[in-house]
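First comes the structure, then the notes that go with it.
The values are calculated or read from the model by the stated rules, or taken from the named source; none is laboratory data. Note that the structure is a prediction, hence the values are computed from the model and not measured. All Cβ positions, glycine included, derive from the backbone under ideal geometry; neighbour counts span all protein chains shown.
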Amino acid sequence: MAPQRAVQLSLEKPTYAVCVVGVETHVDVHRDVPEGAKTFGVSGSPGVEVFVAYDPTQVTEPAGKTHWPLDASVDVVLSVGTASKDLHDLKVKVSYFGQPEAGALAHSVLYLTGVDVSLDVDLGRTGKMKRSRRNKRTWHWGPEGHGAVLLVNCDRDSDRSRDPDLDDGQLTSLADLKDMSPMVLSCEGPDSVFDSHRLVLNVPSSDAKRLRVFCARGGVSLSDYRQVLGPRLLSYEVERQPGEREVRFHVEGLAFPDADFAGVVSLSVSLLDTRPLAEVPVFTDTVTFRVAPWIMTPNTQPPLELYVCSVVDPHGSNEKFLADLASLASKADCRLVVCPRAENRNDRWIQDEMEFGYVEAPHKSFPVVFDSPRNRGLRDFPLKRILGPDFGYVTRETLTSGASSLDSFGNLDVSPPVTVGGKNYPLGRILIGGSFPRSGGRQMAQALRSFLQAQRVQPPVELYSSWLSVGHVDEFLSFVPTSDPKGFRLLLASPSACLQLFHKKREEGHGEAAQFEGLKHKANRSINEMLADKRLRSDNLHAQKCIDWNREVLKRELGLAESDIVDIPQLFTLKGSYAEAFFPDMVNMVVLGKHLGIPKPYGPIIDGRCCLEEKVRALLEPLGLHCVFIDDFLSYHELLGEIHCGTNVRRKPFAFKWWHMEP
């Protein structure tokens, strides 16, 4: 450890110094020496460790280590092991010699007072603090890494406010302390030392807007906690009480990592000697935190809550749809949450409004809803109804005049954990949709993309989704869990698989079986008619090319093989230059563990069964999945959405700790 401070000795009078336990202090034995002195010796009282540093290629260690040469590069370094009981109770003596056999020419005396000053956090990420003298300034990823974690205090623990706790500079609930990271300042030593020395906490101005520090003095009521560092508060002189050995602090994060913030913040404490005309720093200790990222959960994580909206439209209410979802949720042992019309203002697209994720530190974890900038009928629901105790909230607004369709969170998904070319992504990779590369078309807003990228633990992959009218990735892909070693399959909408199925059914003599049979509001289309429709075939050749391009990106960026992909029959039609689902889009499903809520496709009925449903069952049920086909035609499909668009699922967080990965 490099010396923290140099002490100058004097032959005329004793020198007095304060030394911090465990910190090396350099003693200058060369500046004030008696005339004729050629060597020196040094000794210390019990409790002081004194050692001589030298280059063995230039200096020969003297016998008995009593006469070290003064004209060589020889340094004296000392440290103290414990805090002093009394002022100046430790002593170091330096003696200077001329002739080898002669007595000492003169002596310098240094009186020391040991103080134990240390700023400590959960460096080992165990959920408990442990004193440390090393590695506190740095933060390292990985299972062998170190560095404390800071949660963004974005939940709301008190009914006194409508906003997240981080918006309040005062503590409004003692429960809020559990969301904060503990920090302890050790300050042991004779009380009289602190009459002439100050302890000052500091935060860099660049970090002050991203954290807040509270200190409790005098009690345990809300009024005893006050903010001492944070926005517009860059330093705090610690009010140490006589005999006090520890001062406890609580640190909260105020900002997630983003384009202008790498996620790392630091705090320091300085011991300042106030006796000179200008304060002199004796010692500085610095700790570093990394703000916990917002983490998405894929379909492979167990479901906890299923959200859906109660709505009405010209065809009536969606009560039957809600009842079908309630049955599915019950089978999956998942709680159903219905957002009433008074709160959703007849906005049914709850997937587009928000995305569930979570934040985690060694001492605490809680879910966090990410509110999209679409701001339609459901715009107040995440903030007013989901934000609460141990349920956080975050949002990002677009910088343009308004959000586009691609800023809705049907255009935001995440893969299960994958390994790509030997690199592990234990929390999966985020998937977002945009335009074809270099086409200059529609994109997700930069504010959203920057936020997702800055979290680092789920590096985003951008897909081509703007070929679709709505433009969301959930219109052509989904992930489902499996019980085999792979653990999941990627489902892709496949026009070619659908046309192949229809060709096969025609060859089997079922060419007159009709799509949309049984629907009052849709004209039937026989298999023969659909296969003869050149426009429909052309539209689906285009759609298949777009999906195939995404297929190759997904295989490359997620490390997938063809055996990891299941092609789900689906047809599209072009409306202008954009594609829409021709019949209910079956990949746009809700996944509740092994139970799948799939849009009922109303495919051709053959031998009393829908051939599309039968094909999907044959593909998925051997994987241990249970397919439930739900009618969403009038309430969702005709409005250019399906079941996934109209639902949202909060899932169980990963068991894997994000700080153990190496991005």
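Taking the stated definitions as given, is G388 in contact with a Lys or Arg (Cβ under 8 Å, 6 or more places away or on another chain), of a type outside the set (D, E, K, R) and either closer than 23 Å to S161 by Cα or free of Cβ contacts under 8 Å to residues at least 24 places away in the same chain (or both)? Spelling it out, G388 is indeed in contact with a Lys or Arg (Cβ under 8 Å, 6 or more places away or on another chain), of a type outside the set (D, E, K, R) and either closer than 23 Å to S161 by Cα or free of Cβ contacts under 8 Å to residues at least 24 places away in the same chain (or both).
For (1) surrounded by 13 or more Cβ atoms within 10 Å (Cβ to Cβ); (2) aliphatic (A, V, I, L, M); (3) in contact with a helix residue (DSSP H, G or I) (Cβ under 8 Å, 6 or more places away or on another chain); (4) under 24 Å from G357 (Cα atoms), each residue gets a yes or a no:
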residue	(1), (2), (3), (4)
G142	no, no, yes, yes
C154	yes, no, yes, yes
S161	yes, no, yes, yes
L166	yes, yes, no, yes
G169	yes, no, no, no
T172	yes, no, yes, no
L177	yes, yes, no, yes
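Yes or no: V287 among the β-branched types (V, I, T) and within 30 Å of S196 (Cα to Cα)? Yes; evaluated as a whole, the condition is true for this residue.
Every residue, every condition in (1) in contact with a Lys or Arg (Cβ under 6 Å, 6 or more places away or on another chain); (2) in the same structural domain as A618 (by TED's automatic domain parsing); (3) surrounded by 24 or more Cβ atoms within 10 Å (Cβ to Cβ), yes or no:
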{"position": "N540", "(1), (2), (3)": "no, yes, yes"}
{"position": "D548", "(1), (2), (3)": "no, yes, no"}
{"position": "D567", "(1), (2), (3)": "no, yes, no"}
{"position": "T573", "(1), (2), (3)": "no, yes, no"}
{"position": "V591", "(1), (2), (3)": "no, yes, yes"}
{"position": "H595", "(1), (2), (3)": "yes, yes, no"}
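Summed over segment 579-627, the residues that are under 33 Å from the mean Cα position of the chain (by Cα) and in a loop (DSSP other than H, G, I, E, B) give a count of 9. Of the residues in segment 521-559, how many are basic (K, R) and closer than 27 Å to L634 by Cβ? Summing the residues that are basic (K, R) and closer than 27 Å to L634 by Cβ in segment 521-559 gives 3. The set of residues in segment 60-81 being loosely packed, with under 15 Cβ neighbours inside 10 Å, on the phi < 0 side of the Ramachandran plot and not polar (S, T, N, Q) consists of E61, P62, A63, D71, A72, G81. For segment 184-215, the tally of residues that are outside any strand (DSSP E or B), under 22 Å from T113 (Cβ atoms) and touching a Ser or Thr at 6+ places or on another chain (Cβ under 8 Å) stands at 4.
The condition (being surrounded by 14 or more Cβ atoms within 10 Å (Cβ to Cβ) and either farther than 22 Å from D32 by Cβ or touching a residue at least 60 places away in the same chain (Cβ under 8 Å) (or both)) is satisfied by just one residue among S95, S84: S84. Among the residues of segment 558-578 satisfying the criterion of being in a helix (DSSP H, G or I) and among the charged types (D, E, K, R), which is nearest to P495 (Cα to Cα)? Applying the filter and picking the extreme gives E562.
Filtering L406, L448 for residues that are outside any loop (DSSP other than H, G, I, E, B), crowded, with 23+ Cβ neighbours inside 10 Å and under 17 Å from the mean Cα position of the chain (by Cα) leaves a single hit, L448.
Any residue at all in segment 459-474 that's in a strand (DSSP E or B), polar (S, T, N, Q) and surrounded by fewer than 21 Cβ atoms within 10 Å (Cβ to Cβ)? Scanning segment 459-474 turns up no residue that is in a strand (DSSP E or B), polar (S, T, N, Q) and surrounded by fewer than 21 Cβ atoms within 10 Å (Cβ to Cβ). Residues in segment 2-34 that are among the charged types (D, E, K, R), in contact (Cβ under 8 Å) with a residue 60 or more places away in the chain and under 23 Å from V59 (Cα atoms): D32 only. Residues in segment 423-445 that are hydrophobic (A, V, I, L, M, F, W, C) and in a loop (DSSP other than H, G, I, E, B): L427, F436, M444, A445. Can you pull out every residue in segment 636-663 that is buried (at least 23 other Cβ atoms within 10 Å of the Cβ) and within 24 Å of E580 (Cα to Cα)? Y636, H637, G641, E642, I643, H644, C645, G646, T647, N648 - these are the residues of segment 636-663 that are buried (at least 23 other Cβ atoms within 10 Å of the Cβ) and within 24 Å of E580 (Cα to Cα). Number of residues in segment 240-264 that are of a type outside the set (D, E, K, R) and over 27 Å from V220 (Cβ atoms) equals 8.
From the residues in segment 29-59 that are of a type in the set (D, E, K, R) and surrounded by 15 or more Cβ atoms within 10 Å (Cβ to Cβ), which one is farthest from V74 (Cα to Cα)?
D32
E49 meets the conditions (1) touching a residue at least 24 places away in the same chain (Cβ under 8 Å); (2) within 39 Å of the chain's Cα centre (by Cα) in every case but one. The failed one is (2). Being over 21 Å from V457 (Cβ atoms) and either out of contact with any Ser or Thr (no Cβ under 9 Å at 6 or more places or on another chain) or of a type outside the set (D, E, K, R) (or both) is the filter here; which residues of segment 292-316 pass it? P303, E305, L306, Y307, V308, C309, S310, V311, V312, P314, H315, G316 - these are the residues of segment 292-316 that are over 21 Å from V457 (Cβ atoms) and either out of contact with any Ser or Thr (no Cβ under 9 Å at 6 or more places or on another chain) or of a type outside the set (D, E, K, R) (or both).
Checked against the criterion of being in contact with a strand residue (DSSP E or B) (Cβ under 8 Å, 6 or more places away or on another chain), at pLDDT 95 or above and not in a helix (DSSP H, G or I), segment 320-330 has no qualifying residue.
The set of residues from segment 274-320 being of a type outside the set (A, V, I, L, M) and closer than 30 Å to V80 by Cβ comprises T274, R275, P276, E279, P281, F283, T284, D285, T286, T288, F289. Selection within segment 373-403: residues that are closer than 22 Å to E305 by Cβ and in contact with a Pro (Cβ under 6 Å, 6 or more places away or on another chain). The member of this set that is surrounded by the fewest Cβ atoms within 10 Å (Cβ to Cβ) is F391. Those strands (runs of 3 or more DSSP E) of segment 232-309 in which 1 or more residues are more than 14 Å from the chain's Cα centre (by Cα), crowded, with 22+ Cβ neighbours inside 10 Å and not assigned by TED's automatic domain parsing to the domain that holds L491 occupy 246-253, 264-273, 280-291.
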